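Asks: The structure follows.
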Amino acid sequence: MAAETFSQSLPQPNVRAFASRRSHVIYRSLQREIVLGMLAPRSALLELELANRFEVSQGTIREALLLLQEEGLVHRMAHRGTVIADCRAEDAEELIRLRHDIECRGVRRAMARRGLALVDDLRHHLAAMQEAATAGDEYLLSVHDRAFHAGLFEQADLPPVQPVLARCLIHAHRFKILHPDQQRDLLETANRHQVIIDAVAAGDAGAAVEALSHHITTIVDFGPSVLGGGA
């Protein structure tokens, strides 16, 4: 699986690097429950209860919660515990604006550096999305969807920006999943990526930017245009 509020510090790589394998498993489980709304926005997470549930130490739970904090999915406050982040339209809209700028600039760099070598990886991610969609697994679809976009941007060779994009991706997906009025057929969601692949395969950076721009600005409906103008 792939693995990112700006009011807190940006993700710290050392947290992820030193987290134990068990804490990663717990992190993935809790991430899934938060993204799917099984753990509701603004609800509290108690370390002792989680330690009992997963049969691990509170230290291991703490590592998992720090990983979730990197993504902005929880807020950890000294002497006040851990609370699941809210899922507000205004937050999602600003993160989508940021995502749009990052990805649309990044795809040009990625194509200039890797060219047609990008296509096989993108097709692999699309196939994984289609398989998850056919199985009706909305969370797994979101995992592979994020991997598609993160993998494409990774080739732009802008490492400090990657965790910022990862946070934008997961919050956009979470907002969409938690708001049924924003939903579309799962297979349609997967297949929306084909036009991006086609543009990359054609070596047309302008078309790739246009495809990504339309894709990102139509993930959720915030009105005529999430960019406040023509996208």
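Yes/no per residue for (1) open to solvent by 20 Å² or more (accessible area, probe 1.4 Å); (2) part of a strand (DSSP E or B); (3) of a type outside the set (Phe, Trp, Tyr):
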{"residue": "52", "(1), (2), (3)": "yes, no, yes"}
{"residue": "63", "(1), (2), (3)": "yes, no, yes"}
{"residue": "68", "(1), (2), (3)": "no, no, yes"}
{"residue": "72", "(1), (2), (3)": "no, no, yes"}
{"residue": "82", "(1), (2), (3)": "no, yes, yes"}
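Asks: I'd like to check something: does the range 180-191 contain any residue that is among the acidic types (Asp, Glu), over 26 Å from residue 40 (Cα atoms), assigned to a helix (DSSP H, G or I) and over 16 Å from the mean Cα position of the chain (by Cα)?
Replies: Yes, some residue in the range 180-191 is among the acidic types (Asp, Glu), over 26 Å from residue 40 (Cα atoms), assigned to a helix (DSSP H, G or I) and over 16 Å from the mean Cα position of the chain (by Cα).
Asks: Quickly run through the range 162-221 and pick out the residues that are surrounded by fewer than 16 Cβ atoms within 10 Å (Cβ to Cβ) and basic (Lys, Arg).
Replies: Of everything in the range 162-221, just one residue is surrounded by fewer than 16 Cβ atoms within 10 Å (Cβ to Cβ) and basic (Lys, Arg), namely 184.
Asks: In the set 109, 88, 97, which member is under 18 Å from the mean Cα position of the chain (by Cα), among the charged types (D, E, K, R) and surrounded by 15 or more Cβ atoms within 10 Å (Cβ to Cβ)? Give the derivation first.
Replies: Values: 109 fails: under 18 Å from the mean Cα position of the chain (by Cα); 88 fails: surrounded by 15 or more Cβ atoms within 10 Å (Cβ to Cβ).
One residue alone meets the criteria, 97.
Asks: Do you know which residues across the range 125-160 are at negative phi and exposed (fewer than 14 other Cβ atoms within 10 Å of the Cβ)?
Replies: Kept after step one, since they are at negative phi, are these residues of the range 125-160: 125-135, 137-156, 158-160.
If the condition is that a residue be at negative phi and exposed (fewer than 14 other Cβ atoms within 10 Å of the Cβ), then 127, 134, 135, 159, 160 are the ones that fit.
Asks: Right, another one. Spot the failing condition for residue 14; the list is (1) modelled with pLDDT of 95 or more; (2) open to solvent by 40 Å² or more (accessible area, probe 1.4 Å); (3) of a type in the set (S, T, N, Q), and only one is missed.
Replies: (1)
Asks: Name the residue, out of 181, 121, that is over 27 Å from residue 90 (Cβ atoms) and acidic (Asp, Glu).
Replies: 121
The values are calculated or read from the model by the stated rules, or taken from the named source; none is laboratory data. Note that this is a predicted model, so its numbers are computed, not measured. Counting neighbours? That spans all protein chains shown, and the Cβs are built from the backbone with ideal geometry, glycine included. Side chains are part of the model used for accessible areas, which takes the heavy atoms of the whole protein and leaves out ligands, DNA and RNA. Shrake-Rupley method; radii C 1.70, N 1.55, O 1.52, S 1.80 Å.
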